[in-house]
Amino acid sequence: MNTTANYHPPPSSQPPFSDSDLDSDSDSENFQVGSDLSNSIFKTYLEFSSSSSSSSSITAVDLSKIQSFLTSSSSGALSCLICLERIRPSDPTWSCSSLCFALFHLLCIQSWARQSSDLSAARAAARLPITAETAAKQATWNCPKCRSSYSKSEIPRCYLCFCGKLRDPPSDNPWILPHSCGEICNRPLPNNCGHFCLLLCHPGPCPSCPKSVKARCFCGSVEDFRRCGFKNFSCNKLCKKRLDCNKHNCSEICHPGTCPPCRARETYRCRCGKKEEEKDCCDRDYRCENECKKLLNCGKHVCKRGCHGGDCGECPLQGNRTCPCGKRIYEGLPCDGVAPVCGATCNKLLNCGFHRCPERCHKGSCVETCRTMVKKACRCGGLKKEVPCYQDLSCERKCLRMRDCGRHACKRRCCDGDCPPCSEVCDKRLRCKNHKCPAPCHRGACAPCPIMVTISCACGETHFEVPCGTEMDHKPPKCRKLCKIAPLCRHASTSKPHRCHYGACPPCRAPCEEEYPCGHKCNLRCHGPRPPPNPEFTLKPKKKKSNHQTECTPGTPCPPCPELVWRPCVGEHFGAERMMVCSNTTRFSCDNLCGNLLPCGNHYCTKTCHPLETQPSSSGHQKRSESCEVCNLPCQKVRMPKCSHPCSLPCHPGECLPCKVLVKRSCHCGAMVHAFECIHYNNLSEKDQVAARSCGGPCHRKLPNCTHLCPEICHVDKCPAPDKCSKKVTVRCKCQTLKKEWICQDVQAAYRDTGNDPKDIPKNQFGLGLLPCNSDCKSKVQEVESALQLRKPKVLEKKEPENEKHGPKRRKRRDRIQEGKQVSRFQEFVASVKRLLLFIIIGAALIAVTYYSYKGLLQLSDWMNEVELQRARRRRSRF
């Protein structure tokens, strides 16, 4: 199996190859040598090809194998498929000459061939009835890659060049292909055209013959000059050769080989002529499914053969006939007569091939199954038993012999010892470490991984193949053609072209000069978008990473503008500007107070500097602002007209709302209270306020010099003429026996005459003592005292001496409680007996609780022991 796969090396951390990298001395020298080798090897072949009329694409296909080998050799990518090691120019090698033309180390292929042939001989000797010597002579080995078979005598024994003419070819000549003799190949070309290879000694298959010859097309109608290797061609016209039916011509386009069967549709009769069907011309001779049924020559029977052509033949029942068993012959019987049975034993050999039919001569076939009891042994010989002859005997014993793989047992029931080859898949990990062995389970080493990995440059023009598993050990080929990837930056029209490379294209060296929205220009090196690297052609990572850091990551937008500009603070205070980077949109505070007038219009913001409002910035976008603080002070404005009530609203702009507070004002005399709205009361004049506060009734204020009230209507200030009270006052003597009515102003004058101020006289004594007492007053006083003596109770006259001393109330209460607490001795005895009985009951209860608790614990312990014994018995019964 010869399969290939594209390999994509991993991306590299190193910068991509530049023009200077591709022009290094060592690389250019190696590449130039490879180019010269290709020119020298193909020179003679190309001279013949150029004179031929064939296309150059055919030449490229013929030389692709050799060109790939040359590329691999110049890149040092040749690897042995067996050991996966690099093939050096000085290493002895051997190449397969059948299909793949793969190159191997001579020692590796010799070891591989010996092991394979020995294993093949051992397997043949074990499975075939031949001797070990014969098996060793007939043993073969296979190519590790294409699995082409070679005999044991073809095991390579010496190091030959590719064409096989020179032994131990030189390896020190740089102008000769490694492992080549440098002479003309001169091997017979394929297709046995009679010409020989004109290339220098080369690896791989010889290309098609480049000589021009006169040749005809497949159908023979067109004659043309063609390259000898491609002299077989089609004229692309109808073939028109006579087909096998000798009736129709071929309708296919000119083609190689024999013409296809004739597909012309017609109606044909079968061989017996009874049935007609439409068939292809190539299927015109067919047989129907009916019997012939033609009357035979005897005139009594019909032909029982199937559909056939020609004469039906003689009647099979004519002539000498025998009984069914064939022992007795009857002569002269007519064809329609029945041959009688002879009565002897049939004795025909049954289907088993060992026993004969035991029945008497009979018509028809003998029994199909031989029921004779015989002693049989199974295939493995482990069971012997008498069974009917037709019945096969097999046991259920599994074969434990190891199969030829040496890893798996046979496990076939009643095996006869000839175990079949192992049907399992080997599935061992191959040396490439990428695939598993797909072959059936086998002995010895697995065949190398046949997959070849193609490593090519980015454009795919330069490539070579390496064995699977070695792709990470080879460097990708370097291509001298220009890179086909167009730059994506804004300098694409002026950028310098570069050569084919792996990974991303080299960065553009021109300055960016892209204009920012602020008006400045980017002064960095070009960092525009770069074409993405082809994922199929990328470099593998290096162990050492470059410490070089570019100014800007390619494929990213321009960095923020780095120019320095003056920026004001967020509060736009005068003299607080700072020098900042143009792209830095960070807003700063100057740490001063804001000082902005608050919405209330009465106070100023005391916060640290902050944005006053949402304003468009220099970059064109809106900046978020922070509002000034909220004034939480109460309203301190003076209301007009003035009042003592503060404004109920917080600090606010404009005038305060009218004061709706109810103001209580008493009337002038104090008899009632009026409620006014503050705004209404304060808007009144002083005269209107006095009139509004008057209750309209009497003054009700007490005059200062007497006990009477002011008789005027409710008025302001002091009552008028307090000394001229005209009310009547009852005047009495000291014993209150005599009385008269005076005018209040006379009573005041009388008090003043006696030297007393009327203001100091109590109300209940006003007018008392102003009249002098007479004789009638004394007799009346005596009568009153005697009447009072008679009215006093007698109990009060006798007072106990104990009540003479009056103690405090707490002491009296304590004495009464102590008198109530005095008890008798009988009551004390009864109380002591009750206490004794209570102690006895509590003790008995404690004893009972302790006893029953202890008894319950014993019962619980016995139950747990019984459960444990039952568990132990169950365990014993299990074992």
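Tell me, yes or no, whether segment 734-750 has at least one residue that is acidic (Asp, Glu), assigned to a loop (DSSP other than H, G, I, E, B) and touching a residue at least 12 places away in the same chain (Cβ under 8 Å). Looking for residues that are acidic (Asp, Glu), assigned to a loop (DSSP other than H, G, I, E, B) and touching a residue at least 12 places away in the same chain (Cβ under 8 Å), one finds none in segment 734-750, hence no. Among residues of segment 291-302 that are over 23 Å from residue 275 (Cβ atoms) and polar (S, T, N, Q), those with a Cβ under 9 angstrom from a residue that is open to solvent by less than 80 Å² (accessible area, probe 1.4 Å) and in a loop (DSSP other than H, G, I, E, B), sequence gap 6+ or separate chain, pair up as 297/312; 297/313; 297/315. Within the span defined as segment 198-210, one or more residues are over 58 Å from the mean Cα position of the chain (by Cα), at pLDDT below 85 and closer than 30 Å to residue 259 by Cβ.
With respect to residue 467, is the statement that it is modelled with pLDDT of 80 or more, more than 19 Å from residue 86 (Cα to Cα) and out of contact with any Pro (no Cβ under 6 Å at 6 or more places or on another chain) true? It would help to see each step written out before you state the result.
Numbers: modelled with pLDDT of 80 or more: yes; more than 19 Å from residue 86 (Cα to Cα): no; out of contact with any Pro (no Cβ under 6 Å at 6 or more places or on another chain): yes.
Taking the combined requirement at face value, the residue does not satisfy it.
Might you check whether a residue that is in contact with a strand residue (DSSP E or B) (Cβ under 8 Å, 6 or more places away or on another chain), under 30 Å from residue 679 (Cβ atoms), at pLDDT 80 or above and assigned to a loop (DSSP other than H, G, I, E, B) occurs anywhere in segment 607-623? Among the residues of segment 607-623, not one is in contact with a strand residue (DSSP E or B) (Cβ under 8 Å, 6 or more places away or on another chain), under 30 Å from residue 679 (Cβ atoms), at pLDDT 80 or above and assigned to a loop (DSSP other than H, G, I, E, B), which makes the answer no.
Taking residues in segment 356-383 that are at positive phi, and partners anywhere that are in a loop (DSSP other than H, G, I, E, B), the pairs with Cβ atoms closer than 8 Å and at least 6 places apart or on different chains are 364/324. Residues in segment 470-520 that are small (Gly, Ala, Ser) and modelled with pLDDT under 80: 503, 504.
Just give me the residues in segment 405-451 being of a type in the set (A, V, I, L, M, F, W, C), under 30 Å from residue 85 (Cα atoms) and either open to solvent by less than 40 Å² (accessible area, probe 1.4 Å) or not in a strand (DSSP E or B) (or both), in sequence order. Steps first, please.
If we filter segment 405-451 for residues that are of a type in the set (A, V, I, L, M, F, W, C), which is where we start, we get 405, 409-410, 414-415, 419, 422, 425-426, 430, 432, 437, 439, 441, 445-447, 449, 451.
Checking which are under 30 Å from residue 85 (Cα atoms) leaves us with 405, 425-426, 430, 432, 437, 439, 441, 445-447, 449, 451.
Residues satisfying the conditions are 405, 426, 430, 432, 437, 439, 441, 445, 446, 447, 449, 451.
Summed over segment 738-757, the residues that are β-branched (Val, Ile, Thr) and open to solvent by less than 40 Å² (accessible area, probe 1.4 Å) give a count of 1. Among the residues of segment 224-253, those identified as within 30 Å of residue 197 (Cβ to Cβ) and of a type outside the set (Lys, Arg) are 224, 225, 228, 229, 230, 232, 233, 234, 235. The listed residues are 628, 635, 643, and the only one of them that is of a type outside the set (Val, Ile, Thr), in contact with a helix residue (DSSP H, G or I) (Cβ under 8 Å, 6 or more places away or on another chain), modelled with pLDDT of 80 or more and over 28 Å from residue 583 (Cβ atoms) turns out to be 643.
Select from segment 261-290 the residues that are open to solvent by less than 90 Å² (accessible area, probe 1.4 Å) and either touching a residue at least 60 places away in the same chain (Cβ under 8 Å) or touching a helix residue (DSSP H, G or I) at 6+ places or on another chain (Cβ under 9 Å) (or both) and list them in ascending order. Scanning segment 261-290 gives 261, 262, 264, 266, 268.
Consider residue 335 against the criteria (1) closer than 30 Å to residue 270 by Cβ; (2) open to solvent by 70 Å² or more (accessible area, probe 1.4 Å): it satisfies all of them except one. Which criterion is unmet? Only one criterion in (1) closer than 30 Å to residue 270 by Cβ; (2) open to solvent by 70 Å² or more (accessible area, probe 1.4 Å) is unmet by residue 335, namely (2).
Does residue 177 satisfy the condition of being part of a loop (DSSP other than H, G, I, E, B), touching a residue at least 40 places away in the same chain (Cβ under 8 Å) and farther than 30 Å from residue 113 by Cβ? No; evaluated as a whole, the condition is false for this residue.
May I ask you to say which residue of 99, 106 is touching a residue at least 24 places away in the same chain (Cβ under 8 Å) and either surrounded by fewer than 15 Cβ atoms within 10 Å (Cβ to Cβ) or on the phi > 0 side of the Ramachandran plot (or both)? Criteria check complete, one pass: 99. If only residues of segment 487-503 that are under 15 Å from residue 556 (Cα atoms) and open to solvent by 30 Å² or more (accessible area, probe 1.4 Å) are counted, the one that is nearest to the chain's Cα centre (by Cα) is 488.
Considering segment 641-691, and only residues there that are of a type in the set (S, T, N, Q) and part of a helix (DSSP H, G or I), the residue that is nearest to residue 710 (Cα to Cα) turns out to be 689.
Criterion applied to 193, 206 was being surrounded by 20 or more Cβ atoms within 10 Å (Cβ to Cβ) and either in contact (Cβ under 8 Å) with a residue 12 or more places away in the chain or within 22 Å of residue 87 (Cβ to Cβ) (or both), and the one residue passing it is 206.
The values are calculated or read from the model by the stated rules, or taken from the named source; none is laboratory data. None of the values given here were measured: they were computed from a predicted structure. Using ideal geometry, Cβ is built from the backbone for each residue, glycine included, and neighbour counts are taken over all protein chains shown. Side chains included, ligands, DNA and RNA excluded: accessible areas come from the protein's heavy atoms. Shrake-Rupley method; radii C 1.70, N 1.55, O 1.52, S 1.80 Å.
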